[in-house]
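Single-structure report; data block below.
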Amino acid sequence: MKTKREKIITKALEIIKLKPQGIRYSDLIQKLQEEFPDFPRNTIEGTVWNLDVRRPKEIYKPTRGVFHYISFKKNEHTVVKTNREKIAEEAIKIIKSNPSGIKYSELVKEIHKTFPAIPINTVHGTIYEWQKRQPKEIYKPARGLYRHSSFKEAEDEEGRGRVKELNEEDFYKPFADYLINELEECTKAIPLGGNKFKDKWGTPDVIGIREPRRSDIIKPPTEIISAEIKSDSKDLITAFGQACAYRLFSHKSYMVVPKNSSQEDIAKLDALCLIFGLGLILFDTMSPDDPQFEIRVRSSKHDPDMLYVNRYLSIIEKELF
């Protein structure tokens with residue numbers, strides 16, 4: 001015949017087994033008292049308080065004062081994911097499948113397509129908060145553009161090993177024509193380059209002028225437009241510095257860089273050009289016959305120092321005027 005303690009333990013195991021979420025010590029004592037009203041409360045409490053020690057293969061305590069049956073321990077860590085967790089995981093998955101990166105609007109659209117039941121505002125809110133604590137595997141090469149970090153490393157390696165496919169000089173004449181015919185910044189532009197100005201501040205690769213036309217009712221003053229062209233994306237910082245220097249004697253200054261430069265570099269140049277009033281143009285380094293010049297930022301006009309304007313232009317007066 002079972003003792004009181006054995007009966008209490010057997011019944012306690014039955015009760016706990018019926019509670020997948022576990023049962024608190026006080027609730028277990030109450031149910032045992034209902035089952036055994038004649039048993040002293042102290043006997044029940046003294047038998048149950050260390051039940052996990054008495055029966056370690058059947059009972060465990062995930063937290064203080066809560067008893068769980070051991071079979072439920074396997075499912076303890078199977079937590080139902082929240083909508084925000086689902087969105088964050090799907091976002092990383094989508095970003096990783098887009099080597100060139102994905103814009104914010106496209107990312108939200110793709111996530112909503114995967115989880116149509118989740119309100120679009122929840123997706124927006126989650127991505128907005130998520131980008132504040134941006135995971136290590138994600139970075140933003142430009143505003144509103146998300147990219148997986150693994151692609152940044154590969155791109156950096158590619159950039160370090162990149163060599164010039166063609167000479168920069170091959171693009172001087174095409175860009176001079178672009179300034180005249182498409183951008184309409186110049187009435188005349190000529191390839192220059194080299195060390196024509198014999199000055200450590202550099203010589204523009206292309207320089208042009210914008211003179212008033214006969215048809216202009218009000219004749220504007222002549223403007224000088226300069227450009228620095230780089231066919232190697234390793235020279236972008238140099239190109240920026242030179243384009244800034246050309247503002248000394250130019251009303252407008254452009255930097256012309258490869259389209260295959262890293263998106264992060266292009267984004268930084270974009271921002272710097274807006275700050276310093278430079279123009280930014282991208283081009284295809286593989287095709288001098290059709291470089292596909294693409295304007296990103298138009299140069300803003302400013303007044304150069306006329307001392308330097310006259311000093312430098314006197315060197316190329318015959319070619320340019």
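The values are calculated or read from the model by the stated rules, or taken from the named source; none is laboratory data. Just so it is clear, the model here is predicted, and its values are computed rather than measured. Positions of Cβ are generated from backbone atoms using ideal geometry, with glycine treated the same way; all protein chains shown enter the neighbour counts.
Just checking, how many residues over region 285-294 are surrounded by fewer than 19 Cβ atoms within 10 Å (Cβ to Cβ) and either within 26 Å of His148 (Cβ to Cβ) or modelled with pLDDT of 95 or more (or both)?
Qualifying residue count, region 285-294: 1.
Applying the selection to region 3-55, what residues are loosely packed, with under 11 Cβ neighbours inside 10 Å and among the aliphatic types (A, V, I, L, M)?
Leu18, Val53
When you go through Leu320, Leu269, Leu307, Leu274 one by one, which is the residue that is of a type in the set (A, V, I, L, M, F, W, C) and surrounded by 17 or more Cβ atoms within 10 Å (Cβ to Cβ)?
Values: Leu320 fails: surrounded by 17 or more Cβ atoms within 10 Å (Cβ to Cβ); Leu307 fails: surrounded by 17 or more Cβ atoms within 10 Å (Cβ to Cβ); Leu274 fails: surrounded by 17 or more Cβ atoms within 10 Å (Cβ to Cβ).
Of Leu320, Leu269, Leu307, Leu274, the one residue that is of a type in the set (A, V, I, L, M, F, W, C) and surrounded by 17 or more Cβ atoms within 10 Å (Cβ to Cβ) is Leu269.
Just one of the numbered conditions (1) free of Cβ contacts under 8 Å to residues at least 60 places away in the same chain; (2) farther than 28 Å from Ser100 by Cα is not true of Val257; which one?
(2)
If we scan region 32-53, do we find a residue that is within 14 Å of Lys73 (Cα to Cα), at pLDDT 90 or above and among the aliphatic types (A, V, I, L, M)?
No; the residues of region 32-53 include none that is within 14 Å of Lys73 (Cα to Cα), at pLDDT 90 or above and among the aliphatic types (A, V, I, L, M).
Limited to region 268-308, what total is found for residues that are among the polar types (S, T, N, Q), more than 14 Å from Leu236 (Cβ to Cβ) and touching a residue at least 40 places away in the same chain (Cβ under 8 Å)?
The qualifying residues number 2.
Just give me the residues in region 187-222 being part of a loop (DSSP other than H, G, I, E, B), among the basic types (Lys, Arg) and in contact with a strand residue (DSSP E or B) (Cβ under 8 Å, 6 or more places away or on another chain), in sequence order.
none
Hey, can you tell me all the residues within region 305-321 that are farther than 17 Å from Gly193 by Cβ and in contact with a helix residue (DSSP H, G or I) (Cβ under 9 Å, 6 or more places away or on another chain)?
If the condition is that a residue be farther than 17 Å from Gly193 by Cβ and in contact with a helix residue (DSSP H, G or I) (Cβ under 9 Å, 6 or more places away or on another chain), then Phe321 is the only one that fits.
List the helices (runs of 4 or more DSSP H) that sit entirely inside region 17-121 and contain at least 3 residues that are over 30 Å from Ser150 (Cβ atoms).
Filter on region 17-121 gives 25-35, 41-48, 51-54.
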